[in-house]
Amino acid sequence: MKILLIEDNEILARNAVRYFALKDIQVDVSFNWKDWLYKAKTNYYDCIILDISLPKMDWLEVCENLRISEKNVSIIMLTSRNTKKDIIDWLESWADDYLTKPFDYDELLARIKSLTRRNLKNKSNIIKVWEFILDLEKNEVSKNNEIIKLSALEFKLFKYLAQNKNKAISRREIYEKVWWEFDWDIMFSKTVEVYIWYLRKKLDKKLIETVKWVWYIIK
């Protein structure tokens, strides 16, 4: 699971990162609206936690834009306000849930899990990249209604790059997330390069770009 936390309180942000790390959950933190906007548009997240008290930010507009661009992402708002009007505004906004500060991290995690389970039921099993269609249920890739044969590892690699479209992925991250292992021997091997070459040959040689020799990206 991957979470984006939009929070300008550095102490709260650090505590959240520590807590979720113990639960084996990755957290990206944004302290300002420019940074979160870039991360939200260039990364895949299961849940976005938004502090609606950030300065220079219209949280209603933020939620609307997030929902339009990432329809299946869960959005939880953090706030110190809890008047009746506030609660009505939150429930009628594009957000899925809210918590008032101070909050319990176990409760926050429970809410995140509940929302992501709900969204998984409604989430499309289809990813479109360029003219290619990835069917995550069938583990198939097609182009113009014709199936392109990929090995299991080729499909996993293509899926991970597609899910992180517009983000440069390091060779180390690929080993950890696709091969589910990491050691320095495999790090210095040519395994990833070989499978990137396979995908370029079977799909499109321009689909996956190399950045500084050890990073790969689909734009």
Residues that are farther than 25 Å from residue 40 by Cα, in contact with a Leu (Cβ under 8 Å, 6 or more places away or on another chain) and either at pLDDT 80 or above or not in a helix (DSSP H, G or I) (or both): does segment 201-216 have at least one? yes
Give me a count of the residues in segment 82-102 that are surrounded by 13 or more Cβ atoms within 10 Å (Cβ to Cβ), part of a loop (DSSP other than H, G, I, E, B), modelled with pLDDT of 75 or more and over 20 Å from the mean Cα position of the chain (by Cα). 1
Members of segment 144-174 found to be part of a strand (DSSP E or B) and without any contact (Cβ under 8 Å) to a residue 40 or more places away in the chain, listed by number: 146, 147
Going through segment 46-79 in order, the residues found to be modelled with pLDDT under 80 and assigned to a loop (DSSP other than H, G, I, E, B) are 52, 53, 54, 55, 56, 57, 58, 70, 71, 72, 73
Can you spot a residue in segment 178-186 that is outside the structural domain of residue 26 (by TED's automatic domain parsing), out of contact with any strand residue (DSSP E or B) (no Cβ under 8 Å at 6 or more places or on another chain) and modelled with pLDDT of 85 or more? no
I'm told residue 113 meets every condition in (1) outside the structural domain of residue 21 (by TED's automatic domain parsing); (2) modelled with pLDDT of 85 or more; (3) not hydroxyl-bearing (Ser, Thr, Tyr) except one. Can you identify the failing condition by its number? (1)
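The values are calculated or read from the model by the stated rules, or taken from the named source; none is laboratory data. Quantities reported herein were computed from a predicted structural model and do not represent experimental measurements. Cβ coordinates were reconstructed from backbone atoms using ideal geometry, including for glycine residues, and neighbour counts include every protein chain displayed.
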